[in-house]
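Have a look at the structure below, then the notes.
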Amino acid sequence: MRSLVPTPPEGSALAEPATRRALRGYRLRACALMLVGAMLYAAGWSVERYADLPAAWTLLLILVSGCCVVFGLVAHVQATRMRRVLTRRPWVACTCRFHEPPTVPGGGNQSVLVLIDPAGDGAQHVLAVVATARRARRLRPYDGTKVWYAGNPARGGVVSPPGGGFLLWTRPILLRPWSRYVKQNATGTNPAGA
């Protein structure tokens, strides 16, 4: 079923309509998160000023609002980085394999993929997926098959399932022993059975 991978378009990756929609959605989610944070901040000060509630409620609202604003800002910066890469680079179809290191409680997303350079030289690039575990799982059905990649694997870039409609930032893993270990243990088999 997945053997019919659409061919990436020529030119800028951002020329693909699905990619533009995905980037716009990413930016909107970042802005919405910052807006929610600002509203919670205002609500925290309103509770403090006009309600007779314990100070812990105000502190909790302000703490949650700060987290929302920080995560929104990080997502906005990530969207800006993605836009820069997608504007300058084309989509390229690459074979990918996944490696799932042992899960550490509270360790967050630990998805690592190996991209095999489509240039024909067989170079393998070990990249960490910079996303929540839920978002990174969207690439799992493509383990052992093709994904689209825009950027320089040595510096980072954007990976997407074929079609360019779901964007994830990747960064290289610079620790050579870890990189060698991942290359040897990335299975290339699809655990999802897709």
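Could you tell me whether ARG81 is modelled with pLDDT of 80 or more, in a strand (DSSP E or B) and open to solvent by 30 Å² or more (accessible area, probe 1.4 Å)?
The answer is no for ARG81.
Just to be sure before I move on: is LEU28 at pLDDT 80 or above and on the phi < 0 side of the Ramachandran plot in the structure I sent?
Yes, satisfied.
Being crowded, with 18+ Cβ neighbours inside 10 Å and of a type outside the set (Asp, Glu) is true for just one of LEU86, LEU35, LEU59, LEU63. Which residue is that?
After ruling out the rest, the residue left standing is LEU86.
Return the pairs, sorted by first residue and then second, in which the second residue is assigned to a helix (DSSP H, G or I) and among the hydrophobic types (A, V, I, L, M, F, W, C), the first residue lies in the range 131-151 and is closer than 16 Å to VAL92 by Cβ and in contact (Cβ under 8 Å) with a residue 40 or more places away in the chain, the beta carbons are less than 6 Å apart, and the residues are 6+ apart or on different chains.
ALA150/ALA13; ALA150/VAL85; ALA150/LEU86; GLY151/VAL85
Filter the range 150-187 down to residues that are at pLDDT below 60, assigned to a loop (DSSP other than H, G, I, E, B) and under 20 Å from the mean Cα position of the chain (by Cα), then give me how many there are.
1
The values are calculated or read from the model by the stated rules, or taken from the named source; none is laboratory data. Please read these numbers as outputs of a predicted model, since none were measured by experiment. For neighbour counting, all protein chains shown are included, and Cβ atoms are generated from backbone atoms with ideal geometry for every residue, glycine included. Accessible surface is based on the protein model in full, side chains and every heavy atom, while ligands, DNA and RNA are left aside. Shrake-Rupley method; radii C 1.70, N 1.55, O 1.52, S 1.80 Å.
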